[in-house]
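The values are calculated or read from the model by the stated rules, or taken from the named source; none is laboratory data. Worth saying up front: this structure is predicted, and the values here are computed from it rather than measured. Here the Cβ positions follow ideal geometry from the backbone for every residue, glycine too, while neighbour counts run over all protein chains shown. The protein model used for the area step is the full one, side chains on, heavy atoms only, and it has no ligands, DNA or RNA in it. Shrake-Rupley method; radii C 1.70, N 1.55, O 1.52, S 1.80 Å.
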2 protein chains.
Amino acid sequence: MHVPEPLARLIQSFSRLPGIGPKTAMRLAFFVLRMKQEDVHDFAKALVHVKRDVRPCTQCGHVTDKERCIICTDGKRDQSVICVVQEPKDVLAMERTREYNGLYHVLHGVISPIEGIGPDQLHIPQLLRRVAEDTIQEVILATNPNVEGEATASYLARMLHPFSVTVSRIAHGLPVGGDLEYADEATLMRAMEGRRAWGERR
Amino acid sequence: MHVPEPLARLIQSFSRLPGIGPKTAMRLAFFVLRMKQEDVHDFAKALVHVKRDVRPCTQCGHVTDKERCIICTDGKRDQSVICVVQEPKDVLAMERTREYNGLYHVLHGVISPIEGIGPDQLHIPQLLRRVAEDTIQEVILATNPNVEGEATASYLARMLHPFSVTVSRIAHGLPVGGDLEYADEATLMRAMEGRRAWGERR
């Protein structure tokens with residue numbers, strides 16, 4: 001292809017990103033050519049700074065540019081509940097609900113024999129240490145509702161059993177706005193199993 | 001949102017790119033966190049270098065990191081034909097056909113009264129100068145087959161009339177692999193108008 005070397009390298013960098021194919025990568029690279037110098041430099045700096053300054057919170061594993069993250073250091077949050085999630089972006093998804101006011105623990109993955117990921121590659125020892133040391137009363141397992149997420153939740157439930165904490169799992173059921181007719185059997189079964197007395201619902 | 005400042009800035013930079021919404025921008029930023037240090041630095045460098053080193057070819061306006069582009073400086077190409085396109089990426093699209101062996105001229109836009117773009121903001125004087133000075137025999141107008149592209153082609157045809165060159169327009173018709181039933185009337189009409197004797201077809 002008749003593309004100057006610097007442009008070819010940028011196209012290659014873009015196409016390494018997930019969900020960005022060669023055509024999109026080219027479109028983005030040409031867009032960069034027309035961007036303001038200042039914005040391009042900000043973009044380049046942001047890339048380098050993220051890699052240099054953003055690290056896992058030493059307490060919960062969420063992303064932070066400090067020693068401990070903004071959630072762990074927020075005294076107004078309920079220090080007795082930990083919600084265990086797979087990835088930092090799951091923390092952000094939870095935070096968007098504006099309902100949960102406890103702490104988090106980010107595993108940075110799930111147990112996956114297929115991908116060769118065992119419990120020792122996840123931030124599980126750190127979780128057990130927190131539960132042992134701190135004044136934690138409940139651990140909510142909020143890994144994804146798929147095979148690996150379930151397996152990881154079940155492993156964690158077993159590991160947390162010796163501690164005097166309530167261990168709970170986020171509910172399975174029909175998504176809000178969903179349609180009974182189109183729900184798969186497994187979801188529908190779980191929705192039935194998880195039914196709650198009318199008065200218990202909010 | 002509970003995102004550290006450097007990550008927020010990267011998300012913002014990604015979401016400035018065309019076709020990348022806030023959710024994709026976040027996904028990409030988190031991906032960068034997991035990328036190899038080296039790859040992130042290459043990405044940042046590629047951004048800066050593209051902006052610094054890539055400029056329009058002084059002859060045809062295609063992208064290059066030299067004085068003149070790789071096509072203009074290729075002695076093996078037919079120096080008597082110029083294919084006029086809107087953008088550098090149109091040159092790449094043409095080159096992918098591996099059929100055209102002449103030169104190009106990139107207008108860097110089209111005449112668009114709505115966006116306030118007149119002929120004087122495009123690389124039209126440069127084209128006229130090339131046609132006047134050089135040994136050009138044919139100018140192929142390959143702007144897009146839409147209102148602005150047609151208007152620009154028709155303007156160029158008028159401007160090129162005084163010169164002793166053949167001026168041609170790329171053909172309109174049914175896309176290869178297309179379906180007559182689904183073709184719009186305008187395309188079908190042009191396909192009929194542009195019909196060629198069986199023997200003329202390749």
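Among the residues of B:14-22, the average count of other protein chain beta-carbon atoms within 10 Å of the residue beta-carbon is 4. Full extension of the segment from A:Thr97 to A:Ser154, taken as 0.36 nm per residue of separation minus the current Cα-Cα distance, would add 18.0 nm. Annotation: the antiparallel percentage among DSSP beta bridges lying fully within chain B is about 20. Rounded to whole numbers, the Karplus 3J(HN,Hα) couplings from phi for region B:113-126 are x, 4, 8, x, 9, x, x, 6, 8, 9, 7, 8, x, 4 Hz, using 6.51 cos²θ - 1.76 cosθ + 1.60 with θ = phi - 60°, and x at Gly and Pro. Share of carbon and sulfur in the accessible area of region A:56-197 stands at 54%, probe radius 1.4 Å.
Only residues of region B:52-77 count here: report those whose backbone N is under 20 Å from the spot 7 Å along Cα→Cβ of B:Ile117, or say none. Counting only backbone N, you get B:55-64. So for the protein assembly as shown: antiparallel DSSP bridges make up what percent, rounded to the nearest 5? Percent antiparallel among DSSP bridges in the protein assembly as shown is about 20. Sorted from shortest to longest, the distances between the B:Pro162 label points of this copy and the other copies are 9.3 nm, with each point 7 Å from Cα along the line through the beta carbon. In the protein assembly as shown, the DSSP-assigned H stretches of four residues or longer account for a calculated mean residue ellipticity at 222 nm of -12500 deg cm²/dmol, using -39500 (n - 2.57) per stretch and the full residue count as denominator.
Inter-copy label distances for B:Leu180: 5.1 nm (label point placed 7 Å from Cα along Cα→Cβ; shortest first).
Closest approach to the axis carrying B onto A, counted by Cβ on chain B and given in whole Å with its residue, is B:Ala44, 2. Local charge for A:Asp53 was computed over the other residues whose Cβ lies under 13 Å away, with Lys and Arg +1 and Asp and Glu -1, and equals +3. Here's the list of aspartates and glutamates a cross-link from B:Lys45 could span, going by alpha-carbon distance under 20 Å and ignoring same-chain residues fewer than 8 apart: A:Glu5, A:Glu38, A:Asp39, A:Asp42, A:Asp53, B:Asp53, B:Asp65. Charges were assigned to the Cβ only: +1 to each Lys and Arg, -1 to each Asp and Glu. The resulting dipole of region A:103-154 about its Cα centre is roughly 80 debye. Taking a straight Cα-Cα cut-off under 29 Å and skipping sequence neighbours fewer than 8 places away in the same chain, the lysines within cross-link reach of A:Lys76 are A:Lys66, A:Lys89, B:Lys23. Counting from the shortest, the label point at B:Asn146, 7 Å from Cα toward Cβ, is 3.7 nm from the same position in each remaining copy.
About the centre of its Cα atoms, region B:56-197 shows a dipole size close to 460 debye [charges on the beta carbon of Lys, Arg (+1) and Asp, Glu (-1) only; nearest 20 debye]. Peptide B:109-122 shows a mean partner chain C-beta count of 0 within 10 Å per residue C-beta. Between A:Ser15 and A:Glu193, the FRET efficiency estimated from the beta carbon spacing at R0 = 56 angstrom works out to 0.80. Farthest toward the positive end of the dipole of the protein assembly as shown, out of B:Thr143, B:Ile20, B:Phe31, is the Cα of B:Phe31, where the dipole comes from beta carbon charges about the Cα centre.
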